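Here is the structure we will look at, set down as structure tokens.
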Amino acid sequence: MSGSVELPSPHTWHSLVSLAIREDLGSGDITTALVVPEDALGEAQLEARQALVVCGLPVARRVLEAVEPALEFAPDLAEGDLAPRGSVLARIRGPLRGLLAAERVMLNFLMRMSGVASWTRQFVQAVAGTETRIVDTRKTLPGWRSLDKYACAVGGAWNHRVGLYDGILLKDNHIAAAGGVAPAVKAARSGAPAQLRVQVEVESEEDAMRAIEAGADFLLLDNWKPEALAAAVPRLREHALLEMSGGVNLDNVRAYAESGVSRISIGALTHSAPAADLALELCIGGLSAGGRTE
């Protein structure tokens with residue numbers, strides 16, 4: 001996906017960067033102020049301590065700009081690139097106090113975003129060769145929605161609806177409140193904007209057919225057993241787009257994909273992705289005081 005995923009609009013994440021800097025820096029970096037001369041300059045590099053999918057470099061740049069505008073950020077790799085263990089993702093040069101003050105916040109963003117992208121890439125690769133797409137969900141870290149979904153896309157997944165405002169999905173509580181599958185679908189269909197499909201969460205083939213008969217064109221087959229899914233998909237897919245979710249992991253995702261569903265949505269892409277192992281290492285030979293680097 002390198003080069004093909006658009007970075008989210010700044011208004012969706014710049015404030016998150018500002019918040020992260022405020023909570024970490026507070027009134028100032030006491031340790032660095034005590035041991036690093038004010039005019040010290042330095043160089044450092046961002047290193048991958050594991051194989052990972054690179055994600056978050058523009059956000060890292062933004063952190064550095066916000067903490068110390070004089071810092072120079074030069075990426076060696078691009079978003080979506082696979083970085084082997086030991087790879088250098090980017091090089092940073094400039095005022096050493098600013099670099100050290102920005103270090104943890106910058107790494108926190110990079111570690112989470114590269115972790116989500118790397119985790120997602122494993123699921124995408126597991127279904128390679130099938131016609132099934134891996135899709136993300138709204139199970140994102142609060143405040144991180146745009147960056148979490150961006151990281152999933154960098155990893156190769158497809159973004160589902162961003163929030164409650166841009167997609168219709170009738171879940172079990174909507175259905176219960178409406179008095180059943182058919183009434184819920186009919187109510188949604190009667191007022192749905194023309195460009196939005198009505199998706200319905202169903203737990204049995206009977207409910208799936210009720211939803212289709214009521215006008216649903218998109219089904220979410222939630223927590224179906226593999227054998228039930230394999231039996232029902234050939235009968236249902238001629239009537240509606242099919243997505244499945246629930247209980248998906250790397251061991252079974254390909255079996256689910258081979259059932260013939262169009263999409264598999266996985267909340268674990270964002271709520272359970274392990275952070276990527278990254279580090280910022282100073283280039284000792286490039287340290288100096290007095291306004292110049294050696």
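General remarks:
- Residue ID - nearest to VAL233 (Cα to Cα), chosen from residues in region 111-134 that are β-branched (Val, Ile, Thr) and surrounded by 17 or more Cβ atoms within 10 Å (Cβ to Cβ): THR132
- Of residues in region 154-196 being closer than 17 Å to SER245 by Cβ and of a type in the set (D, E, K, R), the one farthest from the chain's Cα centre (by Cα): ASP172
- Enumeration of residues in region 19-48 that are loosely packed, with under 14 Cβ neighbours inside 10 Å and within 25 Å of ALA275 (Cβ to Cβ): LEU19, ARG22, GLU23, GLY26, THR31
Condition check ((1) aliphatic (A, V, I, L, M); (2) without any contact (Cβ under 8 Å) to a residue 60 or more places away in the chain) across all residues:
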| site | (1), (2) |
| --- | --- |
| THR12 | no, no |
| SER18 | no, yes |
| ILE21 | yes, no |
| THR32 | no, no |
| PRO37 | no, no |
| ALA70 | yes, yes |
| PRO75 | no, yes |
| PRO84 | no, yes |
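- Residue match in region 129-138 (condition: within 30 Å of ALA70 (Cβ to Cβ), among the acidic types (Asp, Glu) and out of contact with any helix residue (DSSP H, G or I) (no Cβ under 7 Å at 6 or more places or on another chain)): no
- Pairing residues of region 180-203 that are on the phi < 0 side of the Ramachandran plot with residues that are assigned to a helix (DSSP H, G or I) and among the basic types (Lys, Arg), at Cβ distances under 6 Å and at least 6 apart in sequence or on separate chains, gives VAL181/ARG210; ALA182/ARG210; VAL198/ARG189.
- Yes/no for ALA151 being part of a helix (DSSP H, G or I) and out of contact with any strand residue (DSSP E or B) (no Cβ under 8 Å at 6 or more places or on another chain): yes
- Scanning region 93-125 for residues that are in a helix (DSSP H, G or I) and of a type in the set (D, E, K, R) gives ARG97, GLU103, ARG104, ARG112, ARG121.
- Residues of region 121-139 classified as touching a residue at least 60 places away in the same chain (Cβ under 8 Å) and either in contact with an Asp or Glu (Cβ under 8 Å, 6 or more places away or on another chain) or among the β-branched types (Val, Ile, Thr) (or both), total: 7
- Selected residue (criterion: nearest to LEU57 (Cα to Cα)) from residues of region 154-186 that are in contact with a His (Cβ under 9 Å, 6 or more places away or on another chain) and not in a loop (DSSP other than H, G, I, E, B): LEU169
- Residue under evaluation GLU79, criteria (1) under 16 Å from the mean Cα position of the chain (by Cα); (2) part of a helix (DSSP H, G or I); (3) buried (at least 23 other Cβ atoms within 10 Å of the Cβ); (4) assigned by TED's automatic domain parsing to the domain that holds THR31, criterion not met: (2)
- Residue within region 122-131 that is of a type in the set (Asp, Glu) and out of contact with any Lys or Arg (no Cβ under 9 Å at 6 or more places or on another chain) present: yes
- Residue check: LEU221 meets all listed conditions (1) part of a helix (DSSP H, G or I); (2) under 23 Å from the mean Cα position of the chain (by Cα); (3) not aromatic (Phe, Trp, Tyr) but one, namely (1).
- When region 187-204 is filtered for residues that are modelled with pLDDT of 95 or more and surrounded by fewer than 18 Cβ atoms within 10 Å (Cβ to Cβ), only ALA187 remains.
- Every condition in (1) within 19 Å of the chain's Cα centre (by Cα); (2) touching a residue at least 24 places away in the same chain (Cβ under 8 Å) is met by PRO142 except one, and the failing one is (2).
- Tally of residues being surrounded by fewer than 17 Cβ atoms within 10 Å (Cβ to Cβ) and not polar (S, T, N, Q) across region 259-274: 4
- Residue in region 242-251 that is surrounded by fewer than 19 Cβ atoms within 10 Å (Cβ to Cβ), assigned by TED's automatic domain parsing to the domain that holds HIS174 and either touching a Pro at 6+ places or on another chain (Cβ under 8 Å) or in a helix (DSSP H, G or I) (or both) present: no
The values are calculated or read from the model by the stated rules, or taken from the named source; none is laboratory data. Predicted model only: the values in this text are computed from it and were never measured. Glycine also receives a Cβ, built like all others from the backbone with ideal geometry; neighbour counts cover every protein chain displayed.
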